[in-house]
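**Q** Below is a structure I'd like to ask you about.
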Amino acid sequence: MNPVALQLANGNAFFFGMGMVIVALVLRLWLKGRISSLALRITYIAGVVFVFFSATPLSFWVYGLWLVKTFPASIGGFVRSAGMS
């Protein structure tokens, strides 16, 4: 079986995606520069995609709550850093 499909099906992608989102948001506080900002944005988006495509059985309102909590944090961090560069 395809390893990516296996990770999505068994729910490991959920935790990997959560970790990617947290790492991207935390590292955005310390790293400056265009390339690091782009890499962290890609990491954040990939983490969100992994969380939503994982087969973790959560209600839609839990996913919505998580997105409502992380989206403003990402916008605040990425826009603040882009405006100051």
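The values are calculated or read from the model by the stated rules, or taken from the named source; none is laboratory data. All values reported here derive from a predicted model rather than from experimental measurement. Cβ coordinates were reconstructed from backbone atoms using ideal geometry, including for glycine residues, and neighbour counts include every protein chain displayed.
**Q** Out of Ala13, Ala39, Ala9, Ala24, I need the residue that is under 15 Å from Ser74 (Cα atoms), of a type in the set (A, V, I, L, M, F, W, C) and in contact (Cβ under 8 Å) with a residue 24 or more places away in the chain. Which one?
**A** On the way: Ala13 fails: under 15 Å from Ser74 (Cα atoms); Ala39 fails: in contact (Cβ under 8 Å) with a residue 24 or more places away in the chain; Ala9 fails: under 15 Å from Ser74 (Cα atoms).
That would be Ala24, the only listed residue that is under 15 Å from Ser74 (Cα atoms), of a type in the set (A, V, I, L, M, F, W, C) and in contact (Cβ under 8 Å) with a residue 24 or more places away in the chain.
**Q** Could you list, in sequence order, all residues of the range 51-62 that are surrounded by 14 or more Cβ atoms within 10 Å (Cβ to Cβ), free of Cβ contacts under 8 Å to residues at least 40 places away in the same chain and of a type outside the set (A, V, I, L, M)?
**A** Within the range 51-62, just Phe52 meets the criteria.
**Q** Identify, please: which residue in the range 22-72 is outside any loop (DSSP other than H, G, I, E, B) and touching a Lys or Arg at 6+ places or on another chain (Cβ under 9 Å) and is, among those, nearest to Ala9 (Cα to Cα)?
**A** Restricting attention to the range 22-72, the residues satisfying the condition of being outside any loop (DSSP other than H, G, I, E, B) are 22-27, 34-53, 60-72.
Of the ones still in play, those that are also touching a Lys or Arg at 6+ places or on another chain (Cβ under 9 Å) are 24, 36-37, 40-41, 44.
Working: Ala24: 24, Ser36: 31, Ser37: 31, Leu40: 26, Arg41: 25, Tyr44: 21 Å.
Per the stated criteria, the residue is Tyr44.
**Q** Further question on the same structure: If we keep just the residues of the range 63-78 that are hydrophobic (A, V, I, L, M, F, W, C), surrounded by 13 or more Cβ atoms within 10 Å (Cβ to Cβ) and modelled with pLDDT under 80, which is nearest to Gly17 (Cα to Cα)?
**A** Narrowing the range 63-78 to residues hydrophobic (A, V, I, L, M, F, W, C): 65-68, 71, 73, 75, 78.
If we keep only those that are surrounded by 13 or more Cβ atoms within 10 Å (Cβ to Cβ) as well, we get 66-67, 73, 78.
Next, from what is left, pick out any that are modelled with pLDDT under 80: 73, 78.
Values: Ala73: 16, Phe78: 18 Å.
Here the residue is Ala73.
**Q** Among the residues of the range 42-61, is there at least one that is modelled with pLDDT under 85, β-branched (Val, Ile, Thr) and out of contact with any Ser or Thr (no Cβ under 7 Å at 6 or more places or on another chain)?
**A** Yes, there is a match, as at least one residue in the range 42-61 is modelled with pLDDT under 85, β-branched (Val, Ile, Thr) and out of contact with any Ser or Thr (no Cβ under 7 Å at 6 or more places or on another chain).
**Q** Same structure again: Search the range 15-50 for residues being closer than 28 Å to Pro3 by Cβ and aromatic (Phe, Trp, Tyr), and hand back the single one that is surrounded by the most Cβ atoms within 10 Å (Cβ to Cβ).
**A** Taking the range 15-50 and keeping what is closer than 28 Å to Pro3 by Cβ, we get 15-27, 38-50.
Checking the rest, the ones that are also aromatic (Phe, Trp, Tyr) come to 15-16, 44, 50.
On the way: Phe15: 13, Phe16: 17, Tyr44: 25, Phe50: 21.
Only one residue fits best here, namely Tyr44.
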